[in-house]
Structure formats: C-alpha cells, structure tokens
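Colleague: Attaching a single structure in structure tokens format; questions to follow.
The values are calculated or read from the model by the stated rules, or taken from the named source; none is laboratory data. Not measured: the values here are computed from a predicted model. Here the Cβ positions follow ideal geometry from the backbone for every residue, glycine too, while neighbour counts run over all protein chains shown.
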Amino acid sequence: VGDAAGANLVYVRIAGSHDIYALALPDWLLSTDVASWQDNNALFVDATHMTGVTLPGVALVRKGNAWQLAKAGMPSNHTSTSLDQSKVQALINQLADAGFLSVAGRKDKLTLPAGGFDVSVTMVGKTQVGKTQVGKTQTGKTLDYHLVAAPATGNPSTPAWWLTRSDLPFVFVVTTDFASSLQSASPAALEAASAKPGTAVAQPVAKQKK
C-alpha cells in the first residue's frame, strides 16, 4: 500500500510484482498498522465447552453446571461445595475471553525467556478457535498455555507478559494484570464466604401476642 493517488484512490502493489495499481478505496481503510488487522478474538474459547482448568495454585473440574476443586489439588479442609461459583465463573470467563495487546511474533522465530507458569484447559464438544472458526468435535482436547514475563523494553512503565497456546503459532503480548490473576488463583480466593467463628447470627424476632 502506497500513498493516496487522489480522492478515494490509493496506490497498491502485489508482493513480488512490479505492477502498481490505483485502487478505488479511501486510504484510511487500508491501514498499515498491524494492530488494525489482527484478530482480537484469536484467544477466545467457548467457556461452556470447558470441563477442566489447571492453574499454578488450583485445579478445577466442572460437574454439570457447577465447578469443583479437582480431587488431586483439593486441600484437606476444602470440599467440593465450598467454592463461590460466581468467583470461579469470573475466572473461567477471563481465561475464555482472553484478550491481548499485540503479537510479539511466531513461536518458531522467538526464544521465550526462562521461567513463567503453565495453564491447561480441557475442552469437550466443538473446539472453537476465535469467534469465527469452529473445529471438529473433539472430546478431551487440551489447550496448553504458557505465560512468562516479556523481555524488558525501553518503556519499563508498561510491563507485559508473553503468552503461547498449544494450538496457535504465535506469541501474544498480554497484560501483567491478566497473568497475575491466573497465577494467584487459589482455593482460598475462590471459596464461598462463610460466617466467622463466634459471629452472632441474627434470629427472627417473634411477634408479640396482643
């Protein structure tokens, strides 16, 4: 894409060709900014097809419409009924609707820094990549994520993390807040609120007889 050739005209050339054409389009429709062309839903997965999520601090499984702690990662003082489903669903939705700031490059062209943490998501039914492309039905398909702090840049005020996923060839740049929320999730943070020991529970007041 070159300079504007006039009102609603722009010069274009096919890669590898020396021929130049005047295309009848306003130049603002053909942005050269990579962010204007990226699929912002590339990391989207259908939360209703997620049956298991393993994070650094907690493992979850879905039973029917409710999420429970996976037995392998369940502390002795927690039960499958002790989770606040709204808190769990908020965490699940955050992962399912994951957005990204930009694409750092392809996995086969970049060297990821050491460290970081892993997340795995087990899917059932039609595995959806992005909001427009639906794959074949696959039972027990697992999506493996890896998150690691991105290399330092010239702007330390905007730290970010790199994210890769097993089914995608790219390295995505995500916010530190997104990475931290996944890394810090724990049974204690997701448990349902309960009355503290020694807290008086209000009792209904009996009506006086006239």
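Colleague: In the range 16-31, is there at least one residue being of a type in the set (A, V, I, L, M, F, W, C), modelled with pLDDT of 85 or more and part of a strand (DSSP E or B)?
Modeller: Filtering the range 16-31 for residues of a type in the set (A, V, I, L, M, F, W, C) gives 20, 22-25, 28-30.
So of that shortlist, the ones also modelled with pLDDT of 85 or more come out as 20.
From the residues that got through so far, the ones that are part of a strand (DSSP E or B) too are none.
No, the range 16-31 contains no residue that is of a type in the set (A, V, I, L, M, F, W, C), modelled with pLDDT of 85 or more and part of a strand (DSSP E or B).
Colleague: Out of the residues in the range 169-210 that are part of a loop (DSSP other than H, G, I, E, B) and in contact with a helix residue (DSSP H, G or I) (Cβ under 9 Å, 6 or more places away or on another chain), state the one that is modelled with the lowest pLDDT.
Modeller: Of the residues in the range 169-210, the ones part of a loop (DSSP other than H, G, I, E, B) are 169, 185-186, 192-210.
Then drop every residue that is not in contact with a helix residue (DSSP H, G or I) (Cβ under 9 Å, 6 or more places away or on another chain), which leaves 185, 192.
Values: Ala185: 96, Ala192: 83.
In this case the residue turns out to be Ala192.
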